[in-house]
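Student: So that we are looking at the same thing, I have put the structure below in C-alpha cells.
The values are calculated or read from the model by the stated rules, or taken from the named source; none is laboratory data. Quantities reported herein were computed from a predicted structural model and do not represent experimental measurements. With ideal geometry, Cβ positions are generated from the backbone for all residues, glycine too; neighbour counts draw on all protein chains shown.
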Amino acid sequence: MPSTRFRLNGVETSIDADPDRSLLDVLRGPLGVTGPHFGCGAGECGACNVMIDGRAVSSCDTPLWSVADKDVTTVEGLGDAERPHPLQRAFIAEQALQCGYCVPGILISAAALLKQNPSPSSAEVKQALDRNLCRCGSQTRMVRAVLRAASEMAAG
C-alpha cells in the first residue's frame, strides 16, 4: 500500500492506505478524526467538509491521493474547549446549532470564507454556506454567528 503524506490540522501525517479511498473514510477510520460526518456520500450536503489549502471541500468524494503534500483542516483543527476559534464561540453565543450534525462542515465552510474574506456581507455568508444542508432551521442564527465571528476577528 503506498503512503500518502499531508498535514492534518498542522501535524505532518503519513498514512498507508489505498490512494483512491475517500479522505473521509481515512479521516474517520485509521486517523480517528470524527469531526467530518458522513451525510450524502456525493459531496452535496457539506457534513463532511474539510479545508484543503484554505478551501472548503467535501471529503466524501475527495480521493486520498489528491491531498498529498497539502494542508487539511478539520473542525478539530479550528480550536478546542480551552481555546475555541472565534467561530466556535460565536456559534455558541448565537445558539446557532441544534442537533449539531451539520455544524462541523458549516464551521469549516465559514472558516474558509473568513480566510478569503475577513469582512463578508450577510449575502456573502449565505452564499458560502449555501452548499451546507441543515434541517434544524438554524440558518439565520448561523449567519449571525459568522458575522459576529468576523467582527470579533477584525477587532483582534
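Student: Take residue 144 and decide whether it is over 17 Å from residue 44 (Cα atoms) and touching a helix residue (DSSP H, G or I) at 6+ places or on another chain (Cβ under 9 Å).
Tutor: Criteria met by residue 144.
Student: While we're here: Given the criterion loosely packed, with under 13 Cβ neighbours inside 10 Å and of a type in the set (Lys, Arg), identify the matching residue among 5, 28.
Tutor: 5
Student: Would the stretch 91-102 turn up any residue that is within 12 Å of the chain's Cα centre (by Cα), surrounded by fewer than 22 Cβ atoms within 10 Å (Cβ to Cβ) and free of Cβ contacts under 8 Å to residues at least 40 places away in the same chain?
Tutor: no
Student: Cβ contacts < 8 Å: first residue under 18 Å from residue 39 (Cα atoms), restricted to the stretch 120-141; second residue hydroxyl-bearing (Ser, Thr, Tyr) and assigned to a helix (DSSP H, G or I), any location; separation 6+ or different chain. Result?
Tutor: Close Cβ pairs satisfying both conditions: 129/109; 131/109; 132/109.
Student: For residue 35, all conditions in the list (1) surrounded by fewer than 19 Cβ atoms within 10 Å (Cβ to Cβ); (2) in a loop (DSSP other than H, G, I, E, B); (3) touching a Pro at 6+ places or on another chain (Cβ under 6 Å) hold save one; what is the number of the exception?
Tutor: (1)
Student: Could you please tell me which pairs satisfy a Cβ distance under 6 Å, a separation of 6+ or placement on different chains, a first residue in the stretch 61-74 that is not assigned by TED's automatic domain parsing to the domain that holds residue 36, and a second residue that is part of a helix (DSSP H, G or I) and at pLDDT below 95?
Tutor: none
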